[in-house]
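The structure appears below as structure tokens.
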Amino acid sequence: MNYISFFSLLLFVLISVGFFTLLERKVLSYMQCRKGSNKLGFLGLLQPFSDGMKLFMSEQFFPMNSNYMIYMVCPVFSMVQSLFIWVIFPYYVNCLEMNLGLLFFLCCSSLGIYGLMICGWSSNSIYSMLGCIRSISQAISYEVSLALILLCFFLLLDSYSFMSFYNFHFSVWLILVSMPLFICWLSCCMAESNRTPFDFSEGESELVSGFNVEYGGGGLALLFISEYSSIIFISMITCVVLLGSDLCSLLFYIKLVFMCFLFVSVRATLPRFRYDKLMYLAWKCYLPLSLNFILFFIFLKILCFYHFFL
């Protein structure tokens, strides 16, 4: 049952990645007053399968100066890392039941930086190396604030398991008591996943495509799968922690689709930041704010214990 559960979960995640790209193309097109992909199948529903077949059937090219083996293995490593983290999907019959889900999430999400680093380095190109350096510094900067914000809610529940939110959200959603923290969390998630307005690894005006500029065909498809599955996973974590975590309810998945729509709509509306302002925002704004919120939640927890024992 564990193997069946894991492989069915991976299958549905890969299908979700395909249709997330369709959602992105549709939302961006309608926000720009044009039609999206609507030729292949009914309303363009077969377009993700066509894009996947085109990418994987394209000719693979190998830069002469690249480190060949590492260059080929790196997209596979990025995809495995982004899919492996789904084993902590907080369901009743998940394949990995653990009480330290937060620590597992932080450890696995930190491994994504190695994929960026090895992709940029193994291509042996100046532009991919510059995009790789930008992505690594951005991901490391915002990962600190992301972990501290997530730690606030786990301190309140006195547990490191994602399943503990299931019982807690019957009474109140945590977004109702921590709206400023939710806004910081959302912007940190966009910076962590290299999405607009924080997509500095893909600055078209100076870097063309960032760390993946030398990839095409199947390698590029694997990198896109890893990026979009990470976005869907972050949206799922947001719904579990802040928006109620009844995974047996259809409302949970509607909220998850809404979070994915939010990622796309931000891409269509906001321009790219300046890079120095991005770093200023991480170290001078979000980090002190998250540290203050940790102190506030610790104080709130002590107050609750004091009131309970009295």
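The values are calculated or read from the model by the stated rules, or taken from the named source; none is laboratory data. Given the structure is predicted, the values throughout are model-derived calculations rather than measurements. Cβ coordinates were reconstructed from backbone atoms using ideal geometry, including for glycine residues, and neighbour counts include every protein chain displayed.
So, in segment 221-253, exactly how many residues are among the aliphatic types (A, V, I, L, M) and over 12 Å from the mean Cα position of the chain (by Cα)?
Narrowing segment 221-253 to residues among the aliphatic types (A, V, I, L, M): 221-223, 225, 231-232, 234, 236-237, 240-243, 247, 250-251.
Next, only the ones that are over 12 Å from the mean Cα position of the chain (by Cα) stay: 221-223, 240-243, 247, 250-251.
Qualifying residue count, segment 221-253: 10.
Looking at segment 227-256, which of its residues are β-branched (Val, Ile, Thr), in contact (Cβ under 8 Å) with a residue 40 or more places away in the chain and more than 24 Å from Cys119 (Cβ to Cβ)?
From segment 227-256, those β-branched (Val, Ile, Thr) are 231-232, 234, 237-238, 240-241, 254; that's our starting set.
This time we only want the ones that are in contact (Cβ under 8 Å) with a residue 40 or more places away in the chain, so: 231-232, 234, 237-238, 240-241.
Within segment 227-256, Ile237, Thr238, Val240, Val241 meet the criteria.
Could you tell me which numbered condition Ile4 fails, if it satisfies all but one of (1) modelled with pLDDT under 85; (2) closer than 22 Å to Leu256 by Cβ; (3) β-branched (Val, Ile, Thr)?
Condition (2) is where Ile4 drops out.
Of the residues that sit in segment 36-49 and are on the phi < 0 side of the Ramachandran plot and in a helix (DSSP H, G or I), which one is surrounded by the fewest Cβ atoms within 10 Å (Cβ to Cβ)?
Phe42
As an exercise: evaluate Gly216 against (1) in contact with a Ser or Thr (Cβ under 9 Å, 6 or more places away or on another chain); (2) surrounded by fewer than 19 Cβ atoms within 10 Å (Cβ to Cβ); (3) closer than 23 Å to Phe252 by Cα and give the number of the one condition it does not meet.
Looking at each condition in turn, Gly216 falls short on (3).
Among the residues of segment 73-101, write down those that are at pLDDT 85 or above and out of contact with any Ser or Thr (no Cβ under 8 Å at 6 or more places or on another chain).
Residues satisfying the conditions are Val73, Val76, Phe77, Val80, Phe84.
Look at Ser249 and say whether it is out of contact with any Leu (no Cβ under 9 Å at 6 or more places or on another chain) and more than 26 Å from Ser137 (Cβ to Cβ).
yes
Results for (1) in a helix (DSSP H, G or I); (2) among the aliphatic types (A, V, I, L, M); (3) within 14 Å of Tyr215 (Cα to Cα); (4) in contact (Cβ under 8 Å) with a residue 12 or more places away in the chain, shown as yes or no for each residue.
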{"position": "Leu9", "(1), (2), (3), (4)": "yes, yes, no, yes"}
{"position": "Leu22", "(1), (2), (3), (4)": "yes, yes, no, yes"}
{"position": "Arg34", "(1), (2), (3), (4)": "no, no, no, no"}
{"position": "Asp51", "(1), (2), (3), (4)": "yes, no, no, yes"}
{"position": "Glu59", "(1), (2), (3), (4)": "no, no, yes, yes"}
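In the list Ser135, Ser145, Ser159, which residue meets the criterion of being modelled with pLDDT under 85 and under 18 Å from Glu192 (Cβ atoms)?
Ser135
Of the conditions (1) surrounded by 20 or more Cβ atoms within 10 Å (Cβ to Cβ); (2) over 22 Å from Val87 (Cα atoms); (3) at pLDDT 85 or above, Phe198 fails just one. Which one is it?
Condition (3) is where Phe198 drops out.
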